[in-house]
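Input: a single structure, listed below in structure tokens.
Read the figures in this text as sums done on the coordinates, not as results from a lab. None of these values were measured; they are calculated from a predicted model. Positions of Cβ are backbone-derived with ideal geometry, glycine not excepted, and every protein chain shown enters the neighbour counts.
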Amino acid sequence: MKKKIFIDTFYFQYAYSGIGTYISELVLGLKKYGSSKNEYIFSHKLSNKINYINSDYRFLRLFFHLKYFIWKQILLPIKLMLNKPDLIICPDYVLPFFNFNTKQICVFHDAFFWDYPENYSTWWGYYFRNIIKTCLKDDTTIVTTSKTSKINLSNFFSNDIKYVYQSYKPNKLNDKFELEKFKVKKNKYILHVGSFDKRKNILTLVKAFEKLIKIDGKSDIKLLLVGKQNVNGNSKVSKDIINFIKKSNLENDVILTDHLPDSDVIGLYSNALFFVFPSSDEGFGIPVLESFSNDLPVICSDIPIFREIGSDNVLYFELGNIDKLSTTMLKLINSKSEKNALKNKGRERLKKFSRKAFVKDFENIIFQKTI
């Protein structure tokens, strides 16, 4: 008899971050590679995105949280009663409080809510951490995205914690993509993709870039920063970056695009000189894999998660060290052989993060949970 697995995909339509990619990869992967021994029920289709979470309007953000609460704590329990699944999977930290003895897997993408409470508004952070804790049962299995995240989460939770490497979203370059509209030229810009979160250390990258073009003489190179500037209603990081750009007269050298559709992001990956990831912490680091899939060399800060995901297939610099980052960027600009070697190694590294491998490893956990 087939095991009935219910997967909560509600959050997909609101998530611009890695959680959206995770849900998409899990759903598409299970549909293609999922075991015939399981019957998968998805709560929602992978529909178009709705920007409530990072809206500039506070009432829209509050509306989303109310809608999210109603779904998780009222409508989802009703779905469980009607479908009577053997297992529920919630890929977005939060479980329903009433689960009617249904076995549970919950995906925690990182430990940022607990490691960096100062990065979140006091009320929202308190509410979110407590609703996660309240709904998490002792027998719930936590799945996370990396060994590094598993170690971090074990400092806060006594649950059984397992890690599964997620896959990336493969996209083909759109023939209608126009690089010119971003005021950059092919192989003449450095790329960063990610929200303007404090832990992303984007200002470190901007300062290293300033040194690169003003001291090291690479004035023909641009820096392109792609990502949502207003994160959960907080624009302090983006304001600090914009103020530095103005103070340093970099308005024509550093380009900020805010959030872009996937088709434009893939086009920018495909035409960049290289990608820089200066974060102080990440749960996984999807842009590393997206760069690999577009033959784009990568420079990362020297932190455990990047060592785990990137291995020796990227270049590293000491976290927060502006001079080291600038020197590493200059080295990569001047070495065609280094760039080609990183492209080849990145392509090989991608095999470890295929959609099929992701599904196989996740289903192993499902099997263990439902026997």
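Taking packing as the residue-averaged number of other Cβ atoms within 10 angstrom, the listed peptides 101-110, 66-75, 362-371 run from highest to lowest as 101-110, 362-371, 66-75. Net charge within 13 Å of VAL184 by Cβ-Cβ distance, Lys/Arg positive one each and Asp/Glu negative one each, not counting VAL184 itself? That works out to +1. Cβ crowding within 10 Å ranks TYR120, TYR127 as TYR127, TYR120, fewest other Cβ atoms first.
Ordering ASN344, LEU332, ASN155 by Cα displacement along the dipole of the chain toward the positive end leaves ASN344 in first place; charges were set at the Cβ atoms of Lys, Arg (+1) and Asp, Glu (-1). Rg of the Cα atoms in segment 179-352, relative to 2.2 N^0.38 Å, amounts to 0.95.
Placing +1 on the Cβ of every Lys and Arg and -1 on the Cβ of every Asp and Glu, with no other charges, gives the chain a dipole of roughly 720 debye about its Cα centre.
Highest mean packing comes first when the peptides 187-196, 88-97 are listed by Cβ atoms within 10 Å, giving 88-97, 187-196. Take every Cα pair under 8 Å whose residues are at least 6 apart in sequence, average their separation, divide by the length of segment 1-106, and the relative contact order is 35 percent. Rg ratio for the chain: its Cα radius of gyration over 2.2 N^0.38 Å, N being its residue count, equals 1.01.
Considering only ILE309, ILE41, ILE202, the mean-square fluctuation computed in a Gaussian network model of the chain, springs between alpha carbons under 10 angstrom, is largest for ILE41. For the chain, modelled as a GNM whose springs connect Cα atoms under 10 angstrom apart, the maximal fluctuation among THR141, THR204, THR257 occurs at THR257. Across ASP258, ASP240, ASP302, mean-square fluctuation computed from a Gaussian network of the chain (C-alpha pairs under 10 Å connected) peaks at ASP240.
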